[in-house]
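Each reported figure results from applying straightforward, stated rules to the coordinates on display, with no laboratory input. All values derive from a computational prediction rather than experimental measurement. Virtual Cβ from ideal backbone geometry, glycine too; neighbours counted across all protein chains shown.
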Amino acid sequence: MIEAVIDRRRENIMKSPKRGGSCHDDSLPYLRELGVQITEKRQAIQFTTNVNECVHRWAPYVQGFSATFVQSVFERYSQTYNSPKVLDPFAGCGTVLVQAKIDGYESFGVELNPLLKHIADVKLNSWTVRPSQLLKIYHQLRKDVLIPEPPFLKSARQFNAQVLTNLKRVKGGIDSFIPKTREQQKIKDLLNVAFASILIDCSNLKRTPCLGYWKDKNVDDNAPFVLFNKKVLEMSEDLRLLQSEYKENLLTRSEVVCANSMQYEYRDKYDLVITSPPYMNGLDYVMNYKIEMAWLGFITAHKEAKAIKDDMVVCDNVSKGLIKDFVMSQYYTNSWLDEITERISRNIQTRQAYRRTDMPFIVRKYFDDMNRVIERVSRALNKDGRFILVVGDSLIADTYVPTDLILAKMGSEHGLDVESIELARSRHSGQVRDYVLRETVVTLRK
Ligand SMILES: C[S@@+](CC[C@H](N)C(=O)[O-])C[C@H]1O[C@@H](n2cnc3c(N)ncnc32)[C@H](O)[C@@H]1O
């Protein structure tokens, strides 16, 4: 039975009318109606380039922005705004906010995953910690206390036995340190972020970008000590650099809150919103981080992770129950979405064996979620403010979904002008491999 379904899916892909096609041709009718063109401006927008960058390197985050991209946006608008106030409604681990602080700009972020919010917070608000104190406390950490691993995780499979024991020793040392001053609390937070950032490297897993077991991975028993040491040294080097090169920005206001952007009402107004929303067929920003969330105490059971996930902007592995409830509600729509979701429905029915039959409603919920965010962000923009979104499109059941153009149209419905759409990167569809998709930078202006 299962094999028949797999064969059918394979056959559908082989027979797909979208083979060899591209987002370029399929976007033309939408672009015509929107009255804009996509200009080509290839640029590195992914986090990978951040691994050597001051502060950004404190925690690896595959789904993040490149700091260079964010800096290029600041430079583009350096003559337009005098010290812009910056907002990121999907702050992740804080790339936009950290880069804003490096430039001396005030910033604010919203992030629903409490671990990522915490990492962003530590990256933003530890700049006055004395590197000498960080190193002193690090060297004094106890090595004789082992804390138990999170009971609901499969740690024995995730880590080799000796590696696991050593991780429990590192975490035991951090947990045994009782801070007595605010600076010491910040140091403890830095140590916990350093610990969280080495967990996947110490494990039998890797992110590609989803978390999965990696058969040939060879982790040295001492990896927890070696990698933790490296991370703490990087942090102390960066603090030294910040305190010499960016002295005047050490106290620039930067705040990140753990909240839902679909409901958040902003009190302030902003000049530059730079963000990358979750992609529809993208990642699970909770399950991918559940190991770090559990070790740092942000979740104590799977159901807590699920509850956070259910509040996020939807992605295509959302629970069926959530979509069932959504079908009964009033949701955002427009003529493009009606046509797209009808076509997806029809294609799923005729081709059969599609991974999820509720896909049309997942698409609807994604745009309904995004509409709530865009509405709130548009209101929080100053006049002449820019809302810059980096976003990827999708091919679903042989139906092209121009996510960037739909979000641009949504922005115009909330009173913003579509100023430009730049093609930053081409990608391939996960299903029909030779169909070309894109990632674009959409700039909306109030
Ligand atoms: C593409 S990532 C952003 C990464 C960020 N630009 C960076 O460089 O760190 C999208 C983020 O949106 C967050 N998110 C998803 N739904 C959310 C919601 N409803 N409210 C706030 N944040 C949400 C996810 O947890 C994820 O961290």
Legend entry - Within-15-Å neighbourhood charge of residue 84 [Cβ basis; K, R +1; D, E -1]: +2
Legend entry - Extent along principal axes [Cα atoms of the chain; Å; largest to smallest]: 64, 60, 37
Legend entry - Choice from 333, 208, 399 with maximal GNM fluctuation in the chain (Cα, 10 Å cutoff): 208
Legend entry - Virtual paramagnetic centre 7 Å along Cα→Cβ of residue 419, amide N under 12 Å, in the stretch 249-277: 271-274
Inset, instruction - Restrict the search to the stretch 156-255; then list the trypsin sites (Lys or Arg not before Pro) that DSSP places in a loop and that have at most 11 other Cβ atoms within 10 Å of their Cβ. - result: 180, 215
Inset, instruction - For residue 317 and residue 165, compute 0.36 nm times the residue count separating them, minus their Cα-Cα distance, and round to one decimal in nm. - result: 51.4 nm
Legend entry - Additional length obtainable on full extension of the chain from residue 207 to residue 14, 0.36 nm per residue less Cα span: 66.6 nm
Legend entry - Cα-Cα P(r), the stretch 1-146, percent of pairs per 5 Å interval: 2, 7, 12, 12, 12, 12, 11, 10, 8, 5, 4, 4, 2, 0
Inset, instruction - Pick out, in residue order, every one of the trypsin sites (Lys or Arg not before Pro) in the stretch 39-119 that is DSSP loop and has at most 11 other C-beta atoms within 10 Å; say none if there are none. - result: 42
Inset, instruction - Hey, can you grab everything whose amide H is under 5 Å from the amide H of residue 420? Only 5+ residues off in sequence or another chain; H modelled, so Pro and N-termini drop out. - result: 443
Inset, instruction - Provide the per-residue ³J(HN,Hα) series for the stretch 432-446, in order, calculated from phi with Karplus coefficients 6.51, -1.76, 1.60 and θ = phi - 60°, each as a whole number of Hz, with x at glycine and proline positions. - result: 9, 4, 8, 8, 8, 10, 9, 10, 10, 10, 9, 10, 10, 10, 8
Legend entry - Computed E for residue 382/residue 181 - FRET, C-beta separation, R0 35 angstrom, nearest 0.05: 0.35
Inset, instruction - Going by C-beta contacts inside 10 Å, put 110, 219 in order with the fewest on the left. - result: 219, 110
Legend entry - Label point distance in nm, residue 82-residue 152, each placed 7 Å from Cα along Cα→Cβ: 5.2
Inset, instruction - Quick one: among 380, 100, 307, which has the greatest mean-square fluctuation in a GNM of the chain with alpha-carbon springs under 10 angstrom? - result: 307
Legend entry - Cleavage-rule hits, GluC sites (Glu not before Pro), the stretch 263-312, DSSP coil, Cβ neighbours within 10 Å at most 14: 265
Inset, instruction - Fewest Cβ neighbours within 10 Å first, please rank 410, 328, 370 accordingly. - result: 328, 410, 370
Inset, instruction - Enter the Cα centre distance for the pair the stretch 341-403 and the stretch 239-314, rounded to the nearest angstrom. - result: 22
Inset, instruction - At 0.36 nm per residue, minus the direct Cα-Cα distance, what do residue 244 and residue 301 gain on full extension? Give it in nm, one decimal, please. - result: 16.2 nm
Inset, instruction - Please give, to one decimal in nm, the separation of the simple spin-label points placed at residue 41 and residue 128, each 7 Å out from Cα toward the Cβ. - result: 3.7
Legend entry - Pair residue 257, residue 433: separation of 7 Å Cα→Cβ label points (nm): 4.6
Legend entry - Neighbour-count ranking [beta-carbon atoms within 10 angstrom, fewest first] of 93, 258: 258, 93
Legend entry - Net charge of neighbours whose Cβ lies under 11 Å from the Cβ of residue 116, counting Lys and Arg as +1 and Asp and Glu as -1: -1
Inset, instruction - Count the net charge of all other residues whose Cβ sits under 10 Å from the Cβ of residue 102, scoring Lys and Arg as +1 and Asp and Glu as -1. - result: -2
